[in-house]
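Chemist: To start, I am sharing the structure in question, which I have written as structure tokens.
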Amino acid sequence: MSTSTESAARTDGPGPLAGVTVVALEQAVSAPLCTRTLADLGARVIKVENPRGGDFARHYDDVVHGLAAHFVWCNRGKESVTLDLKSDAGRDLLHRLLAEADVLVSNLAPGATERIGVGAAQMAERHPHVVALEISGYGTGGPLSAKRAYDMLVQGESGACSITGLPGAPAKPGPPFADASTGLYAAIAILGALYERGKVRSADGGGRVAVSMFDTMAELMGYPLTYTRHSGVEQQPVGMGSPAVVPYGAYPTADGQTVILGTTNDAEWQRLARDMMGRPDLADDERYRRGPDRVVHRATLDAELAAWCRTLPLAELQAKADTAGIGNARFNTPAEVVEHPHLTARDRWREVETPGGPIPALLPPPVYEGRELGMGPVPGLGEHTDTVLSGIGLTPGEIMDLRDRKVL
């Protein structure tokens, strides 16, 4: 791997959340990505899993040395502890962990936290010092509150799929935006609550926080919801493009690749037409002078730009765009991004240990000057049970007895 100036100046060290302990009752993506983010920032994350199978995301596939791709993405840097939370002994151990924790994160099925004694009111009474954050599908108090929620379901319910794809052919956006964005909002909320707790220095300053996937997606739908509310118009999806801006899309090139070109204002359109394409006739055409007018004439302009792009190779198109000050990119597949020269040049890949062997993983997005965030191993199911339970006072004999009783 190459060494960049950006990473070469950094040294390993404790992250900004060193000393914070997080207990996670989590499945799938939203809560695991939240707690992985906290782990990347230095928190100790204790992932409590069912002894019979654990987080079901462990078994989505087996492509990463026998492990699931979703799981290794969202669960590095954690300690896995197995507890049967349907048993009295398992719930008692959970409360002993929480007595020494700073944060509880959960995204269980509706009503599950109350059934095991860690709902919002129960946490406020028994562990008031803990920041208790619960991720749900739809939040409380609404007609959908009791429904199960998965990424695709929430994206469909929130309208995100209706603005993705093409007219008559809606699509779910590829990345799990509902899951991932909810997890990141949850991490932000936890940081805010920890800051407040530290500021007031109160024994009961933990606070209870809730984040729902539906509320998160409704927030991310801010532009189309605002546009429709004030115009009465439901904008149609335009594939690789934007309903608000033209030209803004992907165009095949002469060498069989695809260039992505984007303009965001009238001045950029003028530069694209006049300087990049050499088409003063388009630049001077009154039909295209203003952004809203270009949207009306989307089909005509896209056809002109597509025909021109098909006459030139990608590298030449991008050079012309850079010279004219026009935003541009190369359309890449995941296989091409894995080998992306920009990631390599900036030394963004690291090696992370897993139960199946080391794998490459991308550094967390935040870049702290003088410090590289840690990237701990992906845990095997129950790998840290004995160590963690010993840390709260259990003897080897007690741990063995719990294992014989199938509590662990």
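Chemist: With respect to the numbered conditions (1) more than 23 Å from Gln122 (Cβ to Cβ); (2) of a type in the set (S, T, N, Q); (3) assigned by TED's automatic domain parsing to the domain that holds Val29, which one is the sole condition not fulfilled by Ser212?
Modeler: Going through (1) more than 23 Å from Gln122 (Cβ to Cβ); (2) of a type in the set (S, T, N, Q); (3) assigned by TED's automatic domain parsing to the domain that holds Val29 one by one, Ser212 breaks only (1).
Chemist: Could you please find all residues in the range 117-140 being within 14 Å of Arg91 (Cβ to Cβ) and free of Cβ contacts under 8 Å to residues at least 40 places away in the same chain?
Modeler: Of everything in the range 117-140, those that are within 14 Å of Arg91 (Cβ to Cβ) and free of Cβ contacts under 8 Å to residues at least 40 places away in the same chain turn out to be Gly117, Gly119, Gln122, Arg126.
Chemist: Where residues in the range 324-347 are assigned to a loop (DSSP other than H, G, I, E, B) and touching a helix residue (DSSP H, G or I) at 6+ places or on another chain (Cβ under 8 Å), which of them is farthest from Ser80 (Cα to Cα)?
Modeler: Here the answer is Gly325.
Chemist: On to the next question. With surrounded by 13 or more Cβ atoms within 10 Å (Cβ to Cβ) and touching a strand residue (DSSP E or B) at 6+ places or on another chain (Cβ under 9 Å) as the only criterion, which of Gly370, Gly374, Gly391 stands out?
Modeler: Answer to the check: Gly374.
Chemist: Looking only at residues in the range 393-407 that are assigned to a loop (DSSP other than H, G, I, E, B) and hydrophobic (A, V, I, L, M, F, W, C), which one is farthest from the chain's Cα centre (by Cα)?
Modeler: Among them, the one singled out is Leu394.
Chemist: Select the helices (runs of 4 or more DSSP H) contained entirely in the range 116-215, then report the ones holding at least 1 residues which are closer than 27 Å to Thr226 by Cα and of a type in the set (Gly, Ala, Ser).
Modeler: Filter on the range 116-215 gives 151-157, 177-200.
Chemist: Got a number for residues in the range 348-391 being closer than 22 Å to Ala57 by Cα and part of a strand (DSSP E or B)?
Modeler: 6
Chemist: Out of curiosity, is Leu317 part of a loop (DSSP other than H, G, I, E, B) and either closer than 30 Å to Asp284 by Cβ or outside the structural domain of Pro14 (by TED's automatic domain parsing) (or both)?
Modeler: So Leu317 fails the test.
Chemist: Could you tell me how many of the residues in the range 259-290 are within 14 Å of Trp308 (Cβ to Cβ) and either surrounded by 14 or more Cβ atoms within 10 Å (Cβ to Cβ) or not assigned by TED's automatic domain parsing to the domain that holds Ala303 (or both)?
Modeler: Counting residues in the range 259-290 that are within 14 Å of Trp308 (Cβ to Cβ) and either surrounded by 14 or more Cβ atoms within 10 Å (Cβ to Cβ) or not assigned by TED's automatic domain parsing to the domain that holds Ala303 (or both) gives 11.
Chemist: Would it be correct to say that Pro379 is loosely packed, with under 14 Cβ neighbours inside 10 Å, at pLDDT 95 or above and not β-branched (Val, Ile, Thr)?
Modeler: no
The values are calculated or read from the model by the stated rules, or taken from the named source; none is laboratory data. Since the model is a prediction, treat every value here as computed from it, not as a measurement. Don't worry about glycine lacking a Cβ; one is built from the backbone with ideal geometry, like all the others, and counts go over all protein chains shown.
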